[in-house]
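Below is one structure; the comments refer to it alone.
The values are calculated or read from the model by the stated rules, or taken from the named source; none is laboratory data. Source: prediction; values computed, not measured. Cβ placement follows ideal geometry from the backbone for every residue including glycine, while neighbour counts extend to all protein chains displayed.
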Amino acid sequence: MVEIKSLANISFDLIFLAFKEAFKDYEMQLNKKELQVMLNRRGFNPELSFAAFENDKIISFTLNGTGIYNNIKTAYDTGTGTIKMYRGQGLAVKIFQHSIPFLKEMGISQYLLEVLQHNSKAVLLYKKLGFEIKREFNYYVQKTNNINLKIRNTDYFWQIKNIGLTSKKVMTGFWDFIPSWQNSFDSISRRPDDFKIIGIFDENKLVGYSVFEPNSGDITQIAVDNNYRRKGIATTLLKEILKLNKHHSIKILNTAIDCNSINDFLKAHSISVSGKQFEMIKQL
């Protein structure tokens, strides 16, 4: 008999085994530590995450994060999966429907997720469940030795410093789009020791910055003051990132598809689009 229940008080080992089995055909594999880091960063809330169990084994699951997104209390689908032999039974939909009353009871007002655009079956399912497409994202992955780091000659001298998040108000003024859930300051603040935050200064003025996770190669945020663009600042940041990187590649997830500044910058450095996602939201 299949039973749907919360993941509160369920061992992480059991969750990891189900995750590993559900995604064993995926090209990118996460070990237990990597999954813990990813879930922590995304605000994983086991009490408001749910799974279908058969004989104490997880056969389908939705791992939810919770937090504030665009000033609204939000649940974020950090990962939904079903073990192969149990697919086609509608378990993911049943888990989703089971979770809604519990999310509402905790004051959650919206449900957020990201889905690969080419996964048309999933996109159609989410639309049927009441999700609407809000934004389109590009994501990029490139091996470090394939990145073009050519820097144009300039007469500018920039100071490079490691900084913290105390300058968040200034940083947000550099944005061309609001970062996605996993790239937000809230997500960064959940695991601050995992990140390097590099600032570029013109004398004492912050004019560009990047938030970077060396262990995974993830460029979480990179932005430059609009008045200081096309002066090599972003390229200088990229060069510093590659010095610190401990991974064989870098990745930049969820850049707004219509943000020409970041997309053109990455293309100029031989970092091409690897895929596209939809950001989808359902009001609860």
Residues of region 62-88 classified as over 19 Å from the mean Cα position of the chain (by Cα) and not hydroxyl-bearing (S, T, Y), total: 5
Per-region count, region 39-48, residues part of a loop (DSSP other than H, G, I, E, B) and either at pLDDT below 95 or not charged (D, E, K, R) (or both): 2
2 or more residues within 20 Å of R41 (Cα to Cα): qualifying strands (runs of 3 or more DSSP E) within region 158-213: 196-202, 205-213
Out of I72, I108, sole residue that is under 27 Å from K134 (Cβ atoms), surrounded by fewer than 15 Cβ atoms within 10 Å (Cβ to Cβ), of a type in the set (A, V, I, L, M) and at pLDDT 95 or above: I72
Identity of the residue in region 89-136, β-branched (V, I, T) and closer than 25 Å to N254 by Cα, that ends up farthest from the chain's Cα centre (by Cα): I108
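Quick grid of which residues meet (1) out of contact with any Ser or Thr (no Cβ under 9 Å at 6 or more places or on another chain); (2) in contact (Cβ under 8 Å) with a residue 40 or more places away in the chain; (3) assigned by TED's automatic domain parsing to the domain that holds F23:
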site: T62; (1), (2), (3): no, no, yes
site: T66; (1), (2), (3): no, yes, yes
site: N71; (1), (2), (3): yes, no, yes
site: R87; (1), (2), (3): no, no, yes
site: V93; (1), (2), (3): yes, no, yes
site: Q97; (1), (2), (3): yes, no, yes
site: P101; (1), (2), (3): yes, no, yes
Candidates W175, W158, filtered to the one that is surrounded by fewer than 17 Cβ atoms within 10 Å (Cβ to Cβ) and outside the structural domain of N70 (by TED's automatic domain parsing): W175
Complete set of residues in region 172-197 that are in contact with a strand residue (DSSP E or B) (Cβ under 8 Å, 6 or more places away or on another chain) and more than 22 Å from E279 (Cβ to Cβ): D194, F195, K196, I197
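Table: residues versus (1) among the aliphatic types (A, V, I, L, M); (2) within 22 Å of F278 (Cα to Cα); (3) out of contact with any helix residue (DSSP H, G or I) (no Cβ under 7 Å at 6 or more places or on another chain).
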{"residue": "S6", "(1), (2), (3)": "no, no, no"}
{"residue": "L14", "(1), (2), (3)": "yes, no, yes"}
{"residue": "Y26", "(1), (2), (3)": "no, yes, yes"}
{"residue": "N40", "(1), (2), (3)": "no, no, no"}
{"residue": "F50", "(1), (2), (3)": "no, no, no"}
{"residue": "N55", "(1), (2), (3)": "no, no, yes"}
{"residue": "K104", "(1), (2), (3)": "no, no, yes"}
The listed residue being under 15 Å from the mean Cα position of the chain (by Cα), in a strand (DSSP E or B) and closer than 22 Å to I68 by Cα, out of I250, I222: I222
